[in-house]
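Take a look at the structure below.
The values are calculated or read from the model by the stated rules, or taken from the named source; none is laboratory data. The shown structure was predicted, so the numbers you read here are calculated from the model rather than taken from an experiment. Glycine also receives a Cβ, built like all others from the backbone with ideal geometry; neighbour counts cover every protein chain displayed.
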Amino acid sequence: MYSQTAATPAVTQQPSPAFIAASWAALLIGIVAFCIGLWNAQMALNEKGYYFAILMYGLFAAISVQKSVRDRLEGIPVTNLYFGISWVSVLLTMVLLTVGLWNATLTLSEKGFYAMAFVLSLFAAIAVQKNTRDSMPSTHQE
């Protein structure tokens, strides 16, 4: 376990190449699967745009939450407003996707496909951001 005091930054290990590759693979698989599903879907173009916008917004929001949490752990200032907006954005994308899928005229398997591809993409985006951050040289002065 790692502990942190105000005087010393948290120690992080470098992610393994296998974990980095798996994270990127999961991100690409999630995004590509979601987009292929949209491409092949029998729905109006505006519906496809709605789901695509939710995916992009969700990816940005998830990365923003991870970065904000990590910044705070490392003693880098993050305003409460930005931190709160990041969390609200992640939750909002999940609510918007849920409402959209709930009201969609899709089969249950299609709804499950979109939900799982979305969750996989968000989780993988967080992992990729974490790996990117862990791979950076430390810029803190001791």
* **Filtered residues of the stretch 70-83 (kept if in contact (Cβ under 8 Å) with a residue 12 or more places away in the chain and either of a type outside the set (Ser, Thr, Tyr) or in contact with a strand residue (DSSP E or B) (Cβ under 6 Å, 6 or more places away or on another chain) (or both))** => ARG70, LEU73, GLU74, GLY75, PHE83
* When the stretch 14-42 is examined, which residues are found to be loosely packed, with under 15 Cβ neighbours inside 10 Å and not in a helix (DSSP H, G or I)? -> GLN14, SER16, GLN42
* **Check on TRP102, among the aromatic types (Phe, Trp, Tyr) and over 21 Å from VAL128 (Cβ atoms)** => yes
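Out of the residues in the stretch 101-142 meeting the condition of being assigned to a helix (DSSP H, G or I) and more than 22 Å from ILE29 (Cα to Cα), tell me which one is farthest from the chain's Cα centre (by Cα). Before the answer, list the steps.
Initially, the stretch 101-142 is screened for residues assigned to a helix (DSSP H, G or I), giving 101-103, 108-135.
Filter once more, keeping what is more than 22 Å from ILE29 (Cα to Cα): 102-103, 134-135.
Details: TRP102: 22, ASN103: 24, ASP134: 16, SER135: 18 Å.
Only one residue tops the list, namely ASN103.
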* **Among residues of the stretch 84-118, those that are without any contact (Cβ under 8 Å) to a residue 24 or more places away in the chain and closer than 15 Å to CYS35 by Cα, counted** => 4
* To do: Name every residue in the stretch 37-52 that is closer than 15 Å to GLY112 by Cα and modelled with pLDDT of 95 or more, in order of residue number.
  => TYR51
* Determine whether the stretch 10-33 contains at least one residue that is hydrophobic (A, V, I, L, M, F, W, C), at pLDDT 95 or above and farther than 19 Å from ALA127 by Cβ. => no
* Residues of the stretch 43-59 being surrounded by 14 or more Cβ atoms within 10 Å (Cβ to Cβ) and either out of contact with any helix residue (DSSP H, G or I) (no Cβ under 7 Å at 6 or more places or on another chain) or not in a helix (DSSP H, G or I) (or both), which ones? -> MET43, GLU47
